[in-house]
Amino acid sequence: MGNPVTPLEKLETIPRLTLAFAPTPVTELARLRAFLGPGAPKLFLKHDDYTGPGFGGNKVRKLEYVLSEAIRAEADTVVTCGGIRSNHCRITAALCAGIGLRCELVLNTPQGAPEDTASLWLDHLYGATVHRVSSREERGAAMAQAAEFLRRQGRKPFVVPLGASTPSGALGFVRAIAELRQQTPALDWIFHSTSSGGTQAGIDAGLQLHGLNQVKLTGVSADDSAESISSAVMEIRQGVGEHVGAVLGGPVEVDDSFVGPGYGLSTPECEEAIRLLARHEGVVLDPVYTGKAMACLLARVRAGSFKPNETVLFWHTGGAMGHFRAPAA
C-alpha cells in the first residue's frame with residue numbers, strides 16, 4: 001500500500017484558477033522600525049495589495065478557489081455583496097469580467113461613508129449590475145432574491161458569501177503560507193486586518209499545516225466584535241480541515257479595540273498609521289482595514305509588547321482604493 005496523502009498534498013488536488021500575481025513580495029520596514037526606536041522588533045510587510053486584478057488585495061487569493069467552484073457548477077453569473085467601498089465586490093467584478101462571467105453586486109452604504117467611491121465606479125466599469133440596499137442586514141435576503149430572479153430568467157447564478165469567506169476561499173491563504181515560508185526569516189508574529197474571517201482562517205490553518213504553530217497570529221477587526229469574528233474564523237477553519245483531511249484547532253486572537261466609530265469610518269490612530277507608512281516606507285494603507293490593523297501593531301510596539309529580537313510581519317491585504325472618489329462625470 002502507498003503512503004497516505006498528506007493534507008498539503010490534498011490541497012494540491014483541489015481545483016483553482018490562477019488569477020493572482022503571486023508570489024507577492026515581502027519587504028523589510030527598516031525605516032519605520034528606526035522611527036519607532038530601539039525597542040521595536042524587526043518589521044516586515046507582505047504586499048498582498050499587489051495581487052493584481054481589481055487593484056489587488058487579499059480577495060484575489062480566495063476567489064481563485066471560489067470562482068473555480070462557480071465554473072465547475074456551470075454558473076453564468078456570480079452574485080455577492082458588500083459595502084459601497086467593498087474591495088471584495090470590486091475584485092469579484094474585475095475577475096468575472098476577465099473570465100467571462102456576469103456579476104451582480106448587492107451593496108449598502110455604511111452610515112457616514114461617502115457615496116462617490118472609486119470602487120463603486122469601477123464596479124460599473126467592470127460591467128457589474130449593482131443592487132442597492134440600505135443596511136448590512138438586508139444584503140443576504142437581497143442576494144437570495146437576485147439569484148432567484150436570475151433563475152426565473154433561465155440563468156445559472158452562483159452566490160458568493162460576503163468576502164468570499166468560505167472554507168474553499170480560505171484555501172488561498174493556506175497556499176500563501178507556503179509562499180511566505182520561502183520569503184522571510186523565522187517569524188514570531190503576524191498581524192492583519194480581519195472582518196468576515198476567511199483570511200484569518202486560511203492563515204491560521206496554513207500555519208498549522210506547515211508546522212509553524214509557534215507563530216502568533218493576530219487579526220485586527222475592522223468592524224465586528226472579537227467574539228463574532230473569532231467564531232467565524234473557527235467555523236471556516238474547521239471547514240478548511242475538512243477539505244484537506246486535517247483536524248485544526250487552537251485559540252483565535254482578534255483585537256476589536258481599534259474599530260473606532262464603526263466600519264469604514266477612520267480614527268486618529270488609523271490616520272497616523274497611514275501617514276507613518278507612507279512617509280517612512282512609501283506604502284499606502286487604507287482607512288477601512290489596513291490602517292486600523294497597523295494602528296494596533298504600532299500601539300503594541302509602543303507598549304513594549306514585543307522583544308527587539310522578535311520578527312513581526314504585517315500582511316497588507318489591500319484597500320488603497322478606499323482613499324479615492326469616482327472621477328467627475
(message) How big is the chain along each principal axis, measuring the range of its Cα positions in Å and listing the largest first?
(response) 65, 64, 33
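If we count other beta carbons within 10 Å of each Cβ, what is the order of 166, 218, fewest first?
218, 166
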(request) Using the Kirkwood radius over Cα pairs, work out the Stokes-Einstein diffusion coefficient for region 1-75 at 37 °C and 0.692 mPa s, in µm²/s as a whole number. (result) 212 µm²/s
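Using the Kirkwood radius over Cα pairs, work out the Stokes-Einstein diffusion coefficient for region 74-129 at 20 °C and 1.002 mPa s, in µm²/s as a whole number.
Values: Rh = 11.2 Å.
Answer from the Stokes-Einstein relation: 192 µm²/s.
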(message) Under 8 Å for C-alpha pairs, at least 6 residues apart: give me the relative contact order for region 210-301, rounded to a whole percent.
(response) 32 percent
(request) Could you order peptides 239-248, 181-190, 220-229 by the average number of other Cβ atoms within 10 Å of their residues, highest first? (result) 220-229, 239-248, 181-190
(request) Send over the per residue convex hull volume for region 59-164, Cα only, as a whole number of Å³. (result) 84 Å³
(request) Largest first and to the nearest Å, give the Cα extent of region 27-121 along each principal axis. (result) 56, 35, 16
(request) Counting other beta carbons within 10 Å of each Cβ, put 234, 294, 143 in order, fewest first. (result) 234, 143, 294
(request) For each pair in 62/216; 10/42; 59/156; 10/292; 59/307, compute the distance between the two Cα atoms and list the pairs where it is over 30 Å. (result) 10/42; 10/292; 59/307
(request) Percent of Cα-Cα pairs per 5 Å bin, from 0 to the last occupied bin, for region 7-49, please list those. (result) 5, 17, 15, 14, 14, 10, 9, 9, 7, 1
(request) Based solely on C-alpha atoms, express the radius of gyration and the Dmax of region 86-224 in angstrom. (result) 17.6, 54
(request) Could you quote the convex hull projected area for region 108-160, Cα atoms only and averaged over all directions, in nm²? (result) 4.2 nm²
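Show me the three semi-axes of the equivalent ellipsoid for region 171-251, from the C-alpha gyration tensor (sqrt of 5 times each eigenvalue), largest first, rounded to whole Å.
One finds semi-axes of 19, 16, 10 Å for region 171-251.
Read the figures in this text as sums done on the coordinates, not as results from a lab. None of these values were measured; they are calculated from a predicted model. Glycine gets a Cβ as well: all are built from the backbone with ideal geometry, and neighbour counts include every protein chain shown.
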